[in-house]
Amino acid sequence: MRIAVIGGTGKEGRGLVLRLAASGEDAVLIGSRQAEKARAKAEELNRQLGRTAIVGLENRAAARAADLVILCVPYAAHQETLRAIAPDLCGKILVDTTVPLDPRDPSRLRRRSEQSAAEEAQALLGESVRVVAAFQNVSAAVLQNLQRTIECDILVCGDDAAAKEIVIALIHRLGLRAWDAGPLRMARAVEEITPLLISLNRRYGSQSAGIRITGVKETASSP
Ligand SMILES: NC(=O)c1ccc[n+]([C@@H]2O[C@H](COP(=O)([O-])OP(=O)(O)OC[C@H]3O[C@@H](n4cnc5c(N)ncnc54)[C@H](OP(=O)(O)O)[C@@H]3O)[C@@H](O)[C@H]2O)c1
């Protein structure tokens, strides 16, 4: 599966690109507003991996070339970025990692509406794109350190069961635990966890607070 990470030049995106490439995905594409920036980041990450598994492209070209697209841009750029890549997402799955954090105080949310960012994405893109929300609670610092085991479960929300299954299988290939957390509207609750984790990181001098679901039995495809 060809996977594009839009905003793959940034903190969370870079971590996901590295983890996807290290887990052996066929092709991982970094999307950026600037093709040259994407190419430079791809070169840097390929050097870090010790093989050529990552390609850098401008956002639209990356989305067009991918089977599945992961969105990793700040909430302030969410709508603008979605509008830019929308024509290239038709028939595809969009995985939205966005948390609408208040830029002045990331221990709070500052939403544009009552909905989660992923619901806003679904409303903007329409039914031809299946939006799945995931990765909002996993810290970029943890993702970027390939030597480190990720001690954070991934909650996966979406209104299309088949799309969620594909994303859950992808997360399992990264060696992570993933849970079907219900319809896309449940992403509102998942988003709320991130400012809490940021507050815990601040209080305890960490960068890697995460969540674990206990008391539920995983399915056979889990790692
Ligand atoms: N950081 C974390 O630990 C973390 C954890 C969970 C979820 N998330 C979510 O992941 C998303 C990305 O977070 P991040 O920390 O990786 O952000 P970031 O590093 O600040 O930005 C990511 C990328 O987004 C693009 N971008 C930045 N500002 C933009 C703008 N105004 N307009 C268009 N594109 C812009 C840039 O790519 P180009 O310049 O190359 O286009 C940038 O490299 C956020 O929605 C965040 O809530 C982050």
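Just so it is clear, none of the values below were taken in a lab; they were calculated from the coordinates. All values reported here derive from a predicted model rather than from experimental measurement. A quick note on method: Cβ atoms are made from the backbone with ideal geometry, for glycine too, and the neighbour counts reach across all protein chains shown.
Listed from fewest to most Cβ neighbours within 10 Å, the set L49, L101, L16 follows the order L49, L101, L16.
Indicate, rounded to the nearest 5 percent, the antiparallel portion of the DSSP beta bridges found entirely in the range 87-223.
Working: 4 of 11 bridges.
Antiparallel: roughly 35 percent of the beta bridges in the range 87-223.
Selection among V28, A123, N46 by position relative to the dipole of the range 1-160 gives N46 as farthest towards the positive end (Cβ unit charges, Cα centre). R0 = 30 Å: FRET efficiency of D67 with K37, Cβ-based, nearest 0.05? It comes to 0.80. About its Cα centre, the chain has a charge dipole of approximately 600 debye under the convention of +1 per Lys or Arg Cβ and -1 per Asp or Glu Cβ, with nothing else charged.
Which log10 I(q)/I(0) values, to two decimals, does the chain give at q = 0.10 Å⁻¹ under the Debye formula with one point per Cα? These q points yield log10 I(q)/I(0) values of -0.39. Summarised in one figure, the compactness ratio Rg/Rh of the range 123-223, Cα atoms and Kirkwood Rh, is 0.98.
Provide the percentage of antiparallel DSSP beta bridges, counting only those with both residues in the range 2-204; round to the nearest 5.
Details: 4 of 29 bridges.
Bridges in the range 2-204 are about 15 percent antiparallel.
Mean residue ellipticity at 222 nm from the helices of the chain, using -39,500 (n - 2.57) per DSSP H segment of n ≥ 4 over the full residue count, to the nearest 500 deg cm²/dmol? The partial results should precede the final answer.
Values: 8 runs with 87 residues, N = 223.
Dividing the helical sum by the residues of the chain leaves -12000 deg cm²/dmol.
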